[in-house]
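Enquirer: First the structure, then my questions, so here it is.
The values are calculated or read from the model by the stated rules, or taken from the named source; none is laboratory data. Since we're looking at a predicted model, the values are computed, not measured. Here the Cβ is made from the backbone with ideal geometry for all residues, glycine too, and neighbour counts use every protein chain on show.
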Amino acid sequence: MTDVSGLFSSPAVSGAVSVERAVAELRAGRPVALLEGSVRILVFPAENLDSVSAAALEQLARGRANLILSAQRLRRLGVERTAPGLVAMPKIDVERVGALLADETASIDAPVAAPGAADEAALDLLRLATLLPGAIVAPLADPMPQLQEINGCDVRSFRAKKVLSLHLIGRAPLPLEGAPNSEIAVFRGGEGLRDQAAVIVGKPDLSGPVHVRLHSACLTGDLFGSLKCDCGDQLRHTARFMAENGGGVILYLDQEGRGNGLANKVRAYSLQAQGYDTYDADEILGFGLDQRRFGYAARMLDLLGVTRVRLMTNNPAKIEALRAAGLDVTDQRIQGRPTPQNIHYLATKRDRAGHYLDVDLPPAGGG
């Protein structure tokens, strides 16, 4: 009889799968159990808290629940920290949790304690799920069979394992407006069960520097033509430029909202409409300047045979990431059109994140 045990017993496979299952559970609004050595905690996404789940969590926690928040969110609440922190929740009050999680006018209302390794792993798990970085955590004395259980070490190693597992699924012709001689390649192995895509424009010479763009997906700009950003302009300009200049590779990465996810991007847009700039809006929601990682991009280029890159970007972080991955990188500046709706956004990227933007923009002032 054929031995099929290897399909189920590989630690590398089972660890990544348990994280993916936990991500799915959290996004569905269900708790998971997280194990760190001898410590086991229950993790529930704070953004999904309602009166029913609060009552159930109180019964389980017996007065020992905490709310873990990121350092960025705690700073917005008036606590200067460089690491996440715990706020005690002897009673799990839905309105209190909601205010501490994302209310722009809220302030801290209790002492903040240092989290344990399990608590910090819970916060990282929420980021993988593209949920707001805040969770109700509570100690569990024993396993609960009805909960998906994961190990903290699997959460911390998840991204690196997924990069190594990235593989090409298929390629097909994809004629584009302005770049008719193109094809698309799809890779499996991205974060959160998401595939990644590359568009190969023309026939780039892989023996020399290849024009490359790392383009983070932007539904509002790429598809709907939003005037709030320059993403769609950069994407279409890049394809035309490559078609006219020896070809190139566009990596279309599923990293909406600088890695925060579409829902959080729209939440940030709502705050920007109140006058906050793009980075302050993200910080109010508990996020740092940029949650993206580009290990997937380097691996995709490796699988496509690209080792020397002329990166079309205005973002220095992308250049540094590819160099750190061992690629030979030079850069070529690119930017979209300034519009009345995005000019402060562009200025903010220049002034606060060091983007190479060569237009005469006014000082950043919101938007």
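Enquirer: Which members of region 234-258 meet the condition of being among the polar types (S, T, N, Q) and not in a loop (DSSP other than H, G, I, E, B)?
Expert: Matches in region 234-258: 234, 238.
Enquirer: If residue 135 passes every condition in (1) outside any loop (DSSP other than H, G, I, E, B); (2) in contact (Cβ under 8 Å) with a residue 24 or more places away in the chain; (3) more than 30 Å from residue 75 (Cα to Cα) but one, which one does it miss?
Expert: (3)
Okay, residues lined up against (1) of a type outside the set (Asp, Glu); (2) under 18 Å from the mean Cα position of the chain (by Cα); (3) under 23 Å from residue 290 (Cα atoms):
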{"residue": "196", "(1), (2), (3)": "yes, yes, yes"}
{"residue": "203", "(1), (2), (3)": "yes, no, no"}
{"residue": "207", "(1), (2), (3)": "yes, no, no"}
{"residue": "227", "(1), (2), (3)": "yes, no, yes"}
{"residue": "246", "(1), (2), (3)": "yes, no, no"}
{"residue": "260", "(1), (2), (3)": "yes, yes, yes"}
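Enquirer: Tell me which residues, restricted to region 138-162, are in a loop (DSSP other than H, G, I, E, B) and small (Gly, Ala, Ser).
Expert: 141 - this is the single residue of region 138-162 that is in a loop (DSSP other than H, G, I, E, B) and small (Gly, Ala, Ser).
Enquirer: Same structure again: Only one residue in 87, 52, 97 is under 20 Å from residue 264 (Cα atoms) and either loosely packed, with under 15 Cβ neighbours inside 10 Å or in contact (Cβ under 8 Å) with a residue 12 or more places away in the chain (or both). Which one?
Expert: So the residue among 87, 52, 97 that is under 20 Å from residue 264 (Cα atoms) and either loosely packed, with under 15 Cβ neighbours inside 10 Å or in contact (Cβ under 8 Å) with a residue 12 or more places away in the chain (or both) is 97.
Enquirer: Now a separate question. For region 171-188, which positions are among the polar types (S, T, N, Q) and either in a strand (DSSP E or B) or at pLDDT below 95 (or both)?
Expert: Residue satisfying the conditions is 182 alone.
Enquirer: Got at least one residue in region 27-39 being assigned by TED's automatic domain parsing to the domain that holds residue 153, over 24 Å from the mean Cα position of the chain (by Cα) and on the phi < 0 side of the Ramachandran plot?
Expert: The answer is yes; a qualifying residue exists.
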